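Step one of this worksheet: look at the structure below.
The values are calculated or read from the model by the stated rules, or taken from the named source; none is laboratory data. None of the values given here were measured: they were computed from a predicted structure. Here the Cβ is made from the backbone with ideal geometry for all residues, glycine too, and neighbour counts use every protein chain on show. The protein model used for the area step is the full one, side chains on, heavy atoms only, and it has no ligands, DNA or RNA in it. Shrake-Rupley method; radii C 1.70, N 1.55, O 1.52, S 1.80 Å.
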Amino acid sequence: MKVHVLTTPLDDEAVARLRAGDMVRLNGILYTARDAAHKRLVETLSRGEPSPIPLAGQVIYYVGPAPAPPGRPIGPAGPTTSGRMDPYTLPLLERGVKGFIGKGYRSDEVKAALVRHRAVYLAAVGGAAVLLAQHIVSARVVAYEDLGTEAIRELVVRDFPAIVVHDIYGGDAYLEGQRAFRQHP
Amino acid sequence: MVREISVAHLQRKLTALLSEAAYRLPDDYLKALQEAHRREAAVLGRDIITLLLDNAALAEAERLPTCQDTGMAIIFLEVGQDVHFVGGDLHAALNEAVREAYRPLRKSVIDDPIRRQNTGDNTPPIVHWEIVPGHHVRVRVLLKGFGAEMMSRLAMLPPAAGLEGVKRFVVETVEQAGPNACPPVIVGVGLGGSFDTVGLLAKKALLRPLGTSNPEPHLAALEQELLEAVNALGIGPQGFGGTVTALAVHVEAAPTHIAALPVAVNLNCSAPRRAEVLL
């Protein structure tokens with residue numbers, strides 16, 4: 001299995017090297033956003049107002065972290081289910097977001113849009129929240145503080161592990177992985 | 001003979017129980033996960049199971065929640081009919097226990113499904129009461145993550161759907177859930193009752209320790225058959241393919257109406273937070 005060490009923001013070249021099923025280790029900045037932040041962000045953009053965070057080349061992590069214990073930057077922080085963010089994903093792709101990290105299936109519409117906009121969908125291991133938080137060096141709220149765990153945070157990560165699910169060629173690591181073990185007709 | 005139990009005592013016990021569930025996954029689950037590691041045919045699947053075991057050990061050692069989603073607190077209270085709660089407001093005590101236990105945990109509860117304001121302290125819990133003979137109180141909790149909860153389903157099947165209809169619905173639910181429910185999952189199945197109770201049966205099925213079967217032989221056989229059918233889906237750990245999609249299928253059944261075959265499937269993720277205590 002291929003492992004790519006990447007630094008955000010991502011450019012087209014870096015994204016083009018990724019294939020469904022590859023592992024990545026992310027370094028640099030990730031922006032957190034889940035349900036409520038997506039709703040507010042996309043409403044802001046649709047009114048023509050500026051985004052509170054940079055979007056071009058950026059990677060968004062679908063997570064609502066646990067509170068930071070004393071002396072740590074963040075609490076356990078595993079991925080949440082990505083499909084709930086499908087209705088908000090196209091406007092973000094149109095503004096140049098290059099990667100999304102979460103877990104679970106995406107809609108056909110999002111899969112096609114990822115190909116069109118040359119962006120990738122990555123999965124982090126759900127339920128490995130404590131281990132994943134160890135790769136987060138720092139965290140600060142940069143927008144929507146009133147949303148609590150759902151606020152947008154800027155995370156600085158080191159070797160944050162994820163698996164490429166959807167690449168820019170239409171590859172699907174879930175489909176391909178499951179096919180080998182499916183015993184139903 | 002009436003036994004008095006102070007609400008303060010119940011509150012202390014419940015706070016400790018909720019915390020224990022958040023920081024420490026049940027032994028029976030960890031044992032089942034270790035066995036699953038030996039059984040899993042996919043290399044990535046085995047790696048993911050190892051990560052889950054490492055994560056559980058680290059969470060317990062550092063007293064951190066195993067998953068950031070510590071869910072809604074679902075509290076089951078079996079109260080002996082000879083018990084009298086004294087010394088304060090029982091419901092306020094339950095809320096206070098949740099408030100206290102969730103202080104270091106994520107607050108995931110909103111006040112209203114439309115307004116969606118976070119209550120800020122993870123209250124209220126969901127509470128199920130049952131009056132039973134005797135003078136004990138059995139407290140069981142689930143810290144139910146909503147990734148798996150969101151993939152759960154309920155159907156009012158007609159009797160003609162029969163056992164085949166039930167099997168199809170259960171397998172279909174796990175298939176649709178795929179990686180969203182964080183497999184390997186535990187599948188709680190409720191059969192019978194009415195619209196409102198079949199979901200509760202499915203949830204109660206998740207309270208049962210792994211490695212136990214329904215005492216009714218035909219339902220125990222159904223559990224085994226469903227487990228094999230679900231694992232034949234090939235979804236595998238985190239949906240990347242494999243032979244272990246579910247660790248167990250638990251079925252709970254109840255009497256129902258001549259017109260109906262209600263079925264509910266409540267999924268639990270690979271971080272099944274569960275604990276119980278007897279007062």
For this session: Please work out if residue B:253 is open to solvent by 30 Å² or more (accessible area, probe 1.4 Å) and of a type in the set (A, V, I, L, M, F, W, C).
Result: yes
For this session: Inspect segment B:225-239 for any residue being within 24 Å of residue B:25 (Cα to Cα) and open to solvent by 20 Å² or more (accessible area, probe 1.4 Å) and give the result as yes or no.
Result: yes
Problem set entry | Hits in segment A:151-185 (condition: in a helix (DSSP H, G or I) and at the interface with chain B (Cβ under 8 Å from one of its Cβ atoms)) | A:173, A:174, A:176, A:177, A:178, A:179
Problem set entry | Failed item, numbered, when residue A:21 is tested on (1) open to solvent by less than 20 Å² (accessible area, probe 1.4 Å); (2) on the phi > 0 side of the Ramachandran plot; (3) in contact with a helix residue (DSSP H, G or I) (Cβ under 8 Å, 6 or more places away or on another chain) | (1)
For this session: Among the candidates B:110, B:131, B:114, single out the residue that is within 14 Å of another protein chain (Cβ to nearest Cβ), open to solvent by 70 Å² or more (accessible area, probe 1.4 Å) and more than 21 Å from residue A:74 (Cα to Cα).
Result: B:114
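One line per residue, one yes/no per condition, for (1) small (Gly, Ala, Ser); (2) within 14 Å of chain A (Cβ to nearest Cβ); (3) within 21 Å of the chain's Cα centre (by Cα); (4) crowded, with 24+ Cβ neighbours inside 10 Å:
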position: B:217; (1), (2), (3), (4): no, no, no, no
position: B:220; (1), (2), (3), (4): yes, no, yes, no
position: B:241; (1), (2), (3), (4): yes, yes, no, yes
position: B:279; (1), (2), (3), (4): no, no, no, no
Exercise. From the list B:163, B:94, which one is open to solvent by less than 70 Å² (accessible area, probe 1.4 Å), among the aliphatic types (A, V, I, L, M) and not in a loop (DSSP other than H, G, I, E, B)?
Worked result: B:94
Exercise. (1) farther than 22 Å from residue B:108 by Cβ; (2) within 14 Å of chain B (Cβ to nearest Cβ); (3) touching a Phe, Trp or Tyr at 6+ places or on another chain (Cβ under 8 Å); (4) open to solvent by less than 10 Å² (accessible area, probe 1.4 Å): which one isn't true of residue A:119, the others all being true?
Worked result: (2)
Exercise. Just checking, how many residues over segment A:49-64 are surrounded by 17 or more Cβ atoms within 10 Å (Cβ to Cβ) and farther than 26 Å from residue A:14 by Cβ?
Worked result: 1
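Yes or no, residue by residue, for (1) within 13 Å of chain B (Cβ to nearest Cβ); (2) closer than 17 Å to residue A:144 by Cβ:
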| site | (1), (2) |
| --- | --- |
| A:19 | no, no |
| A:30 | no, yes |
| A:34 | yes, yes |
| A:37 | yes, yes |
| A:46 | no, yes |
| A:51 | no, yes |
| A:54 | no, yes |
| A:57 | no, no |
| A:70 | yes, no |
For this session: Please indicate, with yes or no, whether at least one residue in segment B:106-127 is outside any loop (DSSP other than H, G, I, E, B), touching a helix residue (DSSP H, G or I) at 6+ places or on another chain (Cβ under 7 Å), of a type in the set (Asp, Glu) and under 22 Å from residue A:68 (Cα atoms).
Result: no
Problem set entry | Conditions (1) open to solvent by less than 40 Å² (accessible area, probe 1.4 Å); (2) facing chain A (nearest Cβ under 8 Å): number failed by residue B:62 | (1)
For this session: Taking the residues in segment B:140-154 that are open to solvent by less than 20 Å² (accessible area, probe 1.4 Å) and either in a helix (DSSP H, G or I) or within 19 Å of residue B:197 (Cβ to Cβ) (or both) as candidates, determine which candidate is nearest to the other protein chains (Cβ to nearest Cβ).
Result: B:147
Exercise. Could you count how many residues in segment B:219-245 are over 16 Å from residue B:166 (Cβ atoms) and of a type in the set (A, V, I, L, M, F, W, C)?
Worked result: 5
Exercise. Hey, among B:267, B:247, B:191, which residue is open to solvent by 10 Å² or more (accessible area, probe 1.4 Å), within 14 Å of chain A (Cβ to nearest Cβ) and in a strand (DSSP E or B)?
Worked result: B:247
Exercise. Which pairs have Cβ atoms under 6 Å, sit 6 or more apart or on different chains, and link a residue in segment A:11-27 that is more than 20 Å from residue A:55 (Cβ to Cβ) and among the polar types (S, T, N, Q) to one that is part of a helix (DSSP H, G or I) and open to solvent by 30 Å² or more (accessible area, probe 1.4 Å)?
Worked result: none
